[in-house]
Structure formats: structure tokens, C-alpha cells
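Since the structure comes first, as C-alpha cells, the remarks are kept for the end.
Any read-out appearing in this document is the output of simple, stated calculations on the displayed coordinates, not a laboratory observation. Source: prediction; values computed, not measured. Note that we place each Cβ from the backbone using ideal geometry, even for glycine, and neighbour counts take in every protein chain shown.
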Amino acid sequence: MNSNFERNNIAELEGYVSGEQRNDPDLIKLNTNENAYPASPQTQQALETINIEDLRRYPQPTSDNFRRAAAALHQIDPSNIIATRGGDELLRLLLTTFVDPGAAVGMTDLTYSLYPILTRIQDAHPFAVALTNDWKLPLNFTEQINAESCQLTFVVNPHAPTGTLTSAADLIKISNNINGLLVIDEAYVDFVEDPNHDLSRFAANSRNVVLLRSLSKGYGLAGLRFGYGVGPQHLIEPMLRKTRDSYNLDAISQALATAAIQDQVYAKENWKRVNAHREELVKGLTKMGFDCIPSQANFVLATVPDASATSAEAIYHALRTENVLVRYFPDERISNKLRITVGRPEEQARLLALLAPILGISAA
Ligand SMILES: *Cc1c(COP(=O)(O)O)cnc(C)c1O
């Protein structure tokens, strides 16, 4: 303990820095990978049927209606599912339930920047394996993780912040050979085009795999804070019965999340539309000389043209002045890139129109 009463691992920690959140109707917000469109109208209806009288009572503690709906969707048993306050709560539950202080936690470099922070909160050590130059897992990934005796390893797929996809077959092979737990963070999996890319039944019957799902991106509900985990009972049960907060999800969230995942017709339309916009965005950026990493998520990591006299950071600031937010990361490996969330066509058109003069090229 130090003079501020913080544990030393907390005192040494720099907190997570969220993407800028501003409530300005004129703002074009392409910086935090929110869905371009709202959730299903059935979610709105579910909200309208909620009575304040119902909130006098505690909510159902384990979100069982949601778990049943998610189980039906994935054709697994509700006992293979835990509902959490965003995917982020699941990450914390996984660490507090399965990782000893002092242990190693595997991840990749780059990855979701919350993993090392949550790992340090648990007083465990992040062990990062470098991705290859084309942002893939290296062939000896499993060996590196096992050599470090990682108790748990986070792999985000599609990868953030690049959008690249590792195949289900490759992940199954990794999970079979890895000694510790494998957490596959599927926050963006709804935007994967291959309908056969589905690890949920595999995870439910696995020895050591938990999937993270989120309603924030695919279902347009980032403000609701709802996610869930999929895994075998021996991994779900201890989080559900022991380490979860007694009432981790409020009644309103449970009702809305259940309505949202039950409207798969709407959800699938949404993903198709967002993916079509992604293609348009990539086309527009490529035309201007950006190099876009092939993405299976609702964002694109775009490399600033070599010929550009303007740096990625300067472009980020110039766009911000024009009320368009994208994400810039100072990390060395991507400091010449911008991460741009897929938006609505008119938002993307505005972005592209602004980029031309910033780059000093004439608009196409
Ligand atoms: C958005 C995101 C999550 C989960 O976010 P929640 O809003 O807490 O559900 C998890 N992992 C990655 C990589 C994400 O981008």
C-alpha cells in the first residue's frame, strides 16, 4: 500500500482511455465502432411496456429470459451462457474467476487495450505475442503462450483494431493445444460475412474456450451495456454462481436485450447493410490512396497514403475541427493509420469529401 491507500498495482496503472463521447447532433461520430443504425423497433416496444411499478422489485438475478433466448439462437443450453453488463464485465469476471494474482495472461500486440489494464487490476502480468506484419497470429502462437504458462489468453476475432479474421478452424486448433483458457472476444463477429463462421457450439462443448459476445456493436445498443459469454458449464457456472455481482443486470436492460436478440430478421438486415457501407467506405478511401486492411468488422483501419504530406494524427485533428470524429492511435505500429467506424452513406460521403482537401488532392 502507498500513501494514497491504493494497492501498488493500481497506483502504477494508467486507466482505460475511452474514445471521445460527445452529444452534438451535428457531430459525425466514426470513432468508437457504434452501429450506424438503432436497434430493432421491437426493442423500442419492449421499453414502452416497462412500468415503474415493476422496478420496485429486484430483477431476475441471472437474466434467465435472456439466457434462454440466446441459447435458442445458438442452439445450445442456457447453462452455457452468462449475461453480463457489456462484454467488459465478462472480461473482468474471467480474470477474477480464473487468473491468480502474479500469473501470466496471454494476449496479442496489438489488441483491445482494456485487456492489459484489467489484467493489472487483478495483479497479474500481461504477456503480449506480436502479430505478424499482416496482422495474423504467428504460427508459434500456442507455443509462446504455453512457454509463458498463461492461465488465460485473450484473442479478439475479428481483430481490433485491424478488423482481420482468424478462421474458426485455426482457433479450434489453438484451443486444443493451449494449456490454459482461451477467451475469444467476438465483439465484432456479427459483421463477419461467412455465415458458417460460428464457434458457439464448439465453445459450449469445449474444455477451455469462452466466447465474448456484445450487443454494443452488432445490435446498436452500446448505451444499454449488455453482453454475454458462451462456454462449457464448468467455466460458466463459477462466474454465474460465485463471482458475478448479485444483480449485475437491471430489469430494463434484460427486457431490451432479450427483445433485440429475438429479432434476428432485423439484426441480419442491419449487418448486411453495414457491411455494404463498409465496402463503399473502403472503395472511397482506396481511391484516395489509403491502404485499407481487409476488415470483417464495422470499422476499417486505413493507412495514410505514402505521398501524403499530412500525418494520420494531423488528419485526425483536421477532421475533428470539422466535427468528424475518427480514431487515431499513437502506437508505433499503427501511428500512420486511422481507424474509421462504418457510418451511414451520407456520413461517409462527408468524411471522404473532407479528406480530399486535407490530403491535398482533388475530390473524386
Ligand atoms: C466493444 C468491445 C468489447 C465489449 O464492449 P461492451 O460495450 O462492453 O460490450 C469487447 N472487446 C472489444 C474488442 C470491443 O471492441
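Scalar couplings 3J(HN,Hα) for region 49-58, obtained by applying the Karplus form with A = 6.51, B = -1.76, C = 1.60 to θ = phi - 60°, are 8, 7, 9, 4, 3, 5, 7, 5, 8, 5 Hz; x denotes Gly and Pro.
Ranked by the mean number of other Cβ atoms within 10 Å per residue, highest first, peptides 146-153, 72-79 order as 146-153, 72-79.
I want to verify a result. In a Gaussian network model of the chain, Cα cutoff 10 Å, which of these has the top mean-square fluctuation: 301, 354, 256? Fluctuation is largest for 354. How would region 108-176 be classified by its alpha-carbon gyration tensor: rounded, prolate or oblate, with rounded meaning a/c under 1.5 and the a/b versus b/c comparison settling the rest? Oblate is the answer for region 108-176, as a/c is 1.5 or above yet b/c matches or exceeds a/b.
The share of Cα pairs per 10 Å bin across the chain, counted from zero up to the longest distance, runs 5, 23, 31, 26, 12, 2, 0 percent.
The amide H of residue 125, built 1.01 Å from its N in the peptide plane, has 102, 103, 104, 105 as neighbours under 5 Å, considering only residues 5 or more places off or on other chains. Put simply, the amide H of residue 108, placed in the peptide plane, has neighbours under 5 Å in 129, leaving out anything fewer than 5 places away on its chain.
Every pair of different Cα atoms in region 271-315 enters the Kirkwood calculation, which places the hydrodynamic radius at 11.2 Å. Applying the Karplus relation 6.51 cos²θ - 1.76 cosθ + 1.60 with θ = phi - 60° to region 230-239 yields 3J(HN,Hα) values of 10, x, x, 3, 5, 9, 6, 4, x, 6 Hz, where x marks Gly and Pro.
How high is the relative contact order of region 215-364, in percent, with contacts defined as C-alpha pairs under 8 Å that are six or more residues apart? RCO, region 215-364: 18 percent. Between 178, 50, 315, the Gaussian network model of the chain with springs among Cα atoms under 10 angstrom shows the greatest mean-square fluctuation at 50.
Got a sec? Charge dipole of region 6-106, +1 on Cβ for Lys and Arg, -1 for Asp and Glu; which of 8, 87, 59 is way out at the positive end? The Cα lying farthest towards the positive end belongs to 59. Here's how it looks for residue 299: its modeled amide H is under 5 Å from those of 342, which are all 5 or more places away or on a different chain. Placing unit charges on the Cβ atoms of the charged side chains and taking the dipole of region 209-364 about its Cα centre, the candidate lying farthest along the positive direction among 240, 319, 351 is 240. Oblate is the label for region 165-260, because a/c, from the alpha-carbon gyration tensor with a ≥ b ≥ c as root eigenvalues, is 1.5 or above and a/b does not exceed b/c. The longest part of the chain holding none of the exposed loop trypsin sites (Lys or Arg not before Pro), meaning those outside H, G, I, E and B in DSSP with at most 15 other Cβ atoms within 10 Å, is 208-364. For region 301-350 and region 6-39, what is the separation of their C-alpha centers, rounded to whole Å? Region 301-350 and region 6-39 have Cα centres separated by 17 Å. Here the Karplus relation 6.51 cos²θ - 1.76 cosθ + 1.60, evaluated at θ = phi - 60°, turns the backbone of region 341-351 into coupling constants of 6, 5, x, 6, x, 5, 5, 5, 5, 4, 4 Hz, with x for every Gly and Pro. Full extension of the chain between residue 37 and residue 113 gives 24.8 nm of extra length, using 0.36 nm per residue less the Cα-Cα distance. Over all orientations, region 226-364 has a Cα convex hull whose mean projected area works out to 11.9 square nanometres.
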